[in-house]
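Colleague: The following block contains the structure, expressed as structure tokens.
The values are calculated or read from the model by the stated rules, or taken from the named source; none is laboratory data. These numbers were taken from a predicted model, which means no experiment stands behind them. Cβ: placed from backbone, ideal geometry, glycine included. Neighbour counts: every protein chain shown.
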Amino acid sequence: MAAHYTLILGTKDWSSWSLRPYMALRAVGVPFDEDVIPLERNATTAAVQRRTPAGKVPVLTIAENGQTITIWDSLAICETLAERHPEAKLWPDDAGDRAIARAYAAEMHSGFPDLRDQLTMDFVRRLPTPPLREATRTQVARIIAAWSAALERHGKNGGFLFGRFSIADCMYAPVVSRFLTYGIELPPALTAYCARMMALPAMQDWARAAQAEVDAGLA
Amino acid sequence: MSARYTIVIGTKNWSSWSLRPYLALRATGAPFEEIVLRLRRPDTSAQIRQYSSAGKVPVLKIVEHGHTATVWESLAICETLAERHKDAGLWPDDAEQRARARSISSEMHSGFPALRAKLPMDFVRKHPTPELDEETSTQIARIVAAWTKQLSRNPGDGYLFGRFSIADCMYAPVVSRFLTYGIELPPALTAYCARMMALPAMQDWARAAQAEVDAGLA
């Protein structure tokens with residue numbers, strides 16, 4: 001019997017951490033259920049605690065052979081999907097490129113706190129560019145340099161950071177959204193990369209769901 | 001020809017991020033060279049930029065077949081070592097346990113900001129327990145709960161997943177912080193911390209950190 005996946009997410013317009021494993025799961029191509037927990041409400045903490053010991057979304061549950069396993073944390077979910085679905089090629093084939101792609105993903109996973117704080121994800125809205133703190137500017141510049149280097153090296157082989165779409169793109173997908181929401185100026189190659197990301201069917205589906213949340217007053 | 005490893009790390013007494021891949025590298029048993037950069041000095045940033053485009057330590061350089069790969073980020077280095085040294089068993093063998101170990105490791109990698117800010121690593125010193133705000137206390141309670149669950153589920157060699165794994169590497173700096181600041185722990189976790197501190201790699205790290213302190217570098 002095939003494994004049954006359920007992805008537990010936060011409000012799509014806001015939950016940047018949720019978008020990452022969602023993109024990876026969509027790239028795998030298996031069917032999955034979604035359980036969206038509305039964030040920033042009185043019942044949110046209790047709802048999240050019921051589903052995960054770490055008290056955070058996203059969470060992936062895999063029901064298989066009569067057992068259910070619970071995996072939390074965006075990057076751990078992505079790594080586990082990559083391992084379970086080697087045919088989906090969520091990491092680059094080349095070992096050297098894979099090591100660098102993991103460095104990109106991990107740098108996003110542990111870093112850029114000012115960017116996350118000042119340019120919070122608000123997927124479907126367009127907001128004025130706020131005055132950026134120096135730390136935020138440095139972090140934006142680092143991402144621009146990192147994306148530019150990766151696209152220069154691999155972009156011609158598929159247009160994504162490591163050529164073919166990979167977990168590195170999943171991890172930076174919320175940054176793409178933030179750059180567009182807040183009108184951050186980018187070099188042309190990166191504007192094209194952002195457009196390519198936003199055109200992915202999974203990103204368009206996410207945008208539609210986020211818009212529905214906004215229309216319903218949930219975000 | 002086998003690969004040559006060089007790990008670029010920060011002042012050992014302070015650099016919690018450096019300790020993690022160092023322990024993973026020691027667990028592979030492969031020989032490696034170390035470059036220790038002095039943190040908290042005027043030229044620190046410039047020094048780090050020579051080795052890392054991300055501007056951060058740790059970095060692992062892998063020289064193989066005439067070219068050099070530079071991998072940064074503690075968790076990316078650990079995953080890369082796990083992949084290159086399957087025989088070292090850096091992740092649990094069982095797929096479900098491995099998924100869990102990755103969850104716990106990633107939780108450390110992206111989380112516990114209050115703990116990191118309030119209880120900075122100072123490997124060889126002992127400090128009075130500071131007054132802990134609610135956020136820090138909640139984060140400590142989460143770690144205590146996670147360790148307790150793992151240790152009761154996986155007796156084995158007494159590590160979080162039985163055998164020593166990347167999960168232990170990721171939490172090694174927390175072990176050090178709990179000891180430095182005298183955080184009260186249940187007996188099973190005190191024993192776990194003692195087991196971690198007794199690892200030859202942790203003892204070597206402690207000796208190097210002590211030498212930094214003695215030399216006025218930390």
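Colleague: Looking at the stretch A:83-93 only, could you name the residues that are within 10 Å of chain B (Cβ to nearest Cβ) and surrounded by fewer than 24 Cβ atoms within 10 Å (Cβ to Cβ)?
Modeller: A:Glu83, A:Arg84
Colleague: Could you figure out which of (1) out of contact with any Pro (no Cβ under 8 Å at 6 or more places or on another chain); (2) surrounded by 15 or more Cβ atoms within 10 Å (Cβ to Cβ) isn't true of A:Gln67?
Modeller: Here A:Gln67 clears every test but (2).
Colleague: Something else about it: Considering only residues that are in contact with a Gly (Cβ under 7 Å, 6 or more places away or on another chain) and basic (Lys, Arg), which ones fall in the stretch B:159-218?
Modeller: Result: B:Arg163, B:Arg195.
Colleague: Here's a check for you: in the stretch A:107-131, which residue that is out of contact with any strand residue (DSSP E or B) (no Cβ under 8 Å at 6 or more places or on another chain) and at the interface with chain B (Cβ under 9 Å from one of its Cβ atoms) is surrounded by the fewest Cβ atoms within 10 Å (Cβ to Cβ)?
Modeller: A:Pro113
Colleague: Quick check on A:Glu34: is it over 24 Å from B:Ala141 (Cβ atoms), charged (D, E, K, R) and part of a helix (DSSP H, G or I)?
Modeller: For A:Glu34, the condition - over 24 Å from B:Ala141 (Cβ atoms), charged (D, E, K, R) and part of a helix (DSSP H, G or I) - is not met.
Colleague: Residue by residue through the stretch B:172-187, note down the ones that are of a type in the set (Gly, Ala, Ser) and either under 21 Å from B:Pro21 (Cα atoms) or surrounded by 13 or more Cβ atoms within 10 Å (Cβ to Cβ) (or both).
Modeller: Selection gives B:Ala172, B:Ser176.
Colleague: Can you list residue pairs whose Cβ atoms sit under 8 Å apart, with the first residue in the stretch A:171-190 being outside the structural domain of A:Ala76 (by TED's automatic domain parsing) and in contact (Cβ under 8 Å) with a residue 24 or more places away in the chain and the second being acidic (Asp, Glu) and assigned to a helix (DSSP H, G or I)? Count only pairs 6 or more apart in sequence or on different chains.
Modeller: Pairs found: A:Ala189/A:Glu152.
Colleague: Using the structure shown, decide if A:Glu79 is surrounded by 15 or more Cβ atoms within 10 Å (Cβ to Cβ) and more than 24 Å from B:Leu75 (Cβ to Cβ).
Modeller: no
Colleague: Also, I was wondering about something else. Within 21 Å of A:Leu90 (Cβ to Cβ) and either out of contact with any strand residue (DSSP E or B) (no Cβ under 8 Å at 6 or more places or on another chain) or modelled with pLDDT of 95 or more (or both), is that true of A:Gln211?
Modeller: no
Colleague: Sticking with this one: Being small (Gly, Ala, Ser), outside any helix (DSSP H, G or I) and buried (at least 17 other Cβ atoms within 10 Å of the Cβ) narrows it down to one of A:Ala219, A:Ala210, A:Ala146, so name that one.
Modeller: A:Ala219
Colleague: Taking the stretch B:27-41 as the region of interest, how many residues are in contact with a helix residue (DSSP H, G or I) (Cβ under 7 Å, 6 or more places away or on another chain) and crowded, with 19+ Cβ neighbours inside 10 Å?
Modeller: So the count comes out to 2.
Colleague: Further question on the same structure: Would you call B:Leu151 within 23 Å of A:Gln67 (Cα to Cα), part of a helix (DSSP H, G or I) and away from chain A (no Cβ under 14 Å)?
Modeller: In short, yes.
Colleague: Something else now. Note down all Cβ pairs under 9 Å where the first residue falls in the stretch A:93-114 and is outside the structural domain of A:Ala150 (by TED's automatic domain parsing), the second is surrounded by fewer than 24 Cβ atoms within 10 Å (Cβ to Cβ) and assigned to a helix (DSSP H, G or I), and they're at least six residues apart or on different chains.
Modeller: Every condition considered, no pair remains.
Colleague: Take the stretch A:37-79 and flag every residue that is touching a residue at least 40 places away in the same chain (Cβ under 8 Å), part of a loop (DSSP other than H, G, I, E, B) and touching a helix residue (DSSP H, G or I) at 6+ places or on another chain (Cβ under 8 Å).
Modeller: A:Pro38, A:Val57, A:Pro58
Colleague: Select the helices (runs of 4 or more DSSP H) contained entirely in the stretch B:29-144, then report the ones holding at least 1 residues which are away from chain A (no Cβ under 13 Å) and in contact with an Asp or Glu (Cβ under 8 Å, 6 or more places away or on another chain).
Modeller: Once the helices (runs of 4 or more DSSP H) in the stretch B:29-144 are filtered for at least 1 residues that are away from chain A (no Cβ under 13 Å) and in contact with an Asp or Glu (Cβ under 8 Å, 6 or more places away or on another chain), what remains is B:113-118.
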